[in-house]
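Have a look at the structure below, then the notes.
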Amino acid sequence: MFRNQYDTDVTTWSPAGRLFQVEYAMEAVKQGSAAIGLRSKTHVVLGCVNKANSELSSHQKKIFKVDDHIGVAIAGLTADGRVLSRYMRSECINYGFTYESPLPVGRLVVQLADKAQVCTQRSWKRPYGVGLLVGGLDESGAHLYYNCPSGNYFEYQAFAIGSRSQAAKTYMERRFQNFMDSSREDLIKDALMAIRETLQGETLKSSICTVAVVGVGEPFHILDQETVQKLIDTFEIAGKEEGPAAAPETAAEEGGAAADQGATADQGATADQGATADEGVAPMDI
């Protein structure tokens, strides 16, 4: 994107029907570290990548508890996300005090979208430079919404925002049919695997990711690092076992071709293992 005569004011339309300041705010979401969300019939899992500005500093918090039944993960300008999460918390408290029941997730998301929309129609305001993944549970079941700086909102089965989020989306698109019937543990596993896709070669550790869960009979809470690390260790062991398990099928085929060429079957198996390793790396390049 580049500066032009139509991007000095959020209320100025371009001849092509675009609001450039709003689009710039949406670009700010893409610059933030990745955040992902998945839901089943009974649970919602939120996850994010923790990035510190320096080795000497701690990372900024990117997952916030709104109420016992609602949480939010953010990507973009963290300060804006903190302000919006505080607004959501106030709305939940006020609704609970007035009606003595939890605020429905969909209603809260609409109120949040209306608040964001006002900033796209006032010349003395700027759009919020943050995207929010709102996960929650109410009487109608589990919900996952994405709130955009433009004031739009969408409900998803699974979604990812932030930098390198396309790799996580690709992973979730391959598996989303199973999410509705997934157990709590399987949903957390898929969340961590999706986070790993966004790291592009970095080792997944509990210190660089945060995972939160809300579900039936389980209020919203952030998992501690020890629990997350145990799950990560389990995935890495399973990943190493999956590679050799798939090798014998193709190894037999390659072994036949290698026999014709005077090569050994072991060479065919080795080549096949190299091929499966490349396939595992491919989604990381997206």
Of all residues in segment 191-240, which are assigned to a strand (DSSP E or B), under 22 Å from Asn178 (Cβ atoms) and under 17 Å from the mean Cα position of the chain (by Cα)?
Cys209, Val211, Ala212, Val213, Val214
Taking the criterion of being within 30 Å of Ser140 (Cα to Cα), at pLDDT 70 or above and open to solvent by less than 70 Å² (accessible area, probe 1.4 Å), would at least one residue in segment 194-203 satisfy it?
yes
May I ask you to list pairs of residues, at least six apart or on different chains, whose Cβ atoms are under 9 Å apart, with the first in segment 120-131 being open to solvent by 70 Å² or more (accessible area, probe 1.4 Å) and the second being not in a loop (DSSP other than H, G, I, E, B)?
Lys125/Val118; Arg126/Gln21; Arg126/Ala25
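The values are calculated or read from the model by the stated rules, or taken from the named source; none is laboratory data. Predicted model only: the values in this text are computed from it and were never measured. In this analysis, Cβ positions are derived from the backbone assuming ideal geometry, glycine residues included, and neighbour counts consider all displayed protein chains. Note: areas computed on protein heavy atoms with side chains; ligands, DNA, RNA excluded. Shrake-Rupley method; radii C 1.70, N 1.55, O 1.52, S 1.80 Å.
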